[in-house]
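Asks: Before we start, here is the structure in question, set down as structure tokens.
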Amino acid sequence: MKNNFNEIGTFTKNVLKDKILIKLKSDLDFTKYNIIGKAIYNGKEQKIGKILDVLGNVKEPYALAMLDKNSKILVNEKIFVSYSERRARK
């Protein structure tokens with residue numbers, strides 16, 4: 001099964017112990033795509049953690065994510081997630 005990975009942003013810095021801050025691409029429409037709770041992947045398509053929350057304003061969004069144990073990440077490394085478009089409400 002081939003996953004459809006989409007780049008959502010870049011790793012910015014570590015916060016707290018095992019959490020990271022990701023600067024999200026501002027052209028993503030979070031009303032169409034729900035990334036909270038989704039697994040995050042590095043450029044090698046290895047799972048490195050999951051997204052806990054989306055923070056900040058609309059022009060400069062950030063995501064708070066928790067890294068898996070023994071996961072390493074470099075500053076400015078691209079972060080990917082596999083997501084699909086939300087279903088429209090009736």
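Asks: Output the residues belonging to the range 37-73 that are surrounded by 15 or more Cβ atoms within 10 Å (Cβ to Cβ) and among the aliphatic types (A, V, I, L, M).
Replies: Narrowing the range 37-73 to residues surrounded by 15 or more Cβ atoms within 10 Å (Cβ to Cβ): 38-42, 48-51, 54, 61-67, 71, 73.
Across the range 37-73, the qualifying residues are A39, I40, I48, I51, V54, A63, L64, A65, M66, L67, I73.
Asks: Additional query: Can you spot a residue in the range 25-39 that is modelled with pLDDT under 85, of a type in the set (S, T, N, Q) and within 10 Å of the chain's Cα centre (by Cα)?
Replies: no
Asks: Go through (1) among the polar types (S, T, N, Q); (2) more than 18 Å from I73 (Cα to Cα); (3) open to solvent by less than 40 Å² (accessible area, probe 1.4 Å) and name the single condition S26 misses.
Replies: (3)
The values are calculated or read from the model by the stated rules, or taken from the named source; none is laboratory data. All of these numbers come straight from a predicted model, not from anything done at the bench. Quick reminder, even Gly has a Cβ in these numbers, built from the backbone with ideal geometry, and neighbours come from all protein chains shown. Areas reflect the complete protein model, heavy atoms only, side chains present, ligands, DNA and RNA absent. Shrake-Rupley method; radii C 1.70, N 1.55, O 1.52, S 1.80 Å.
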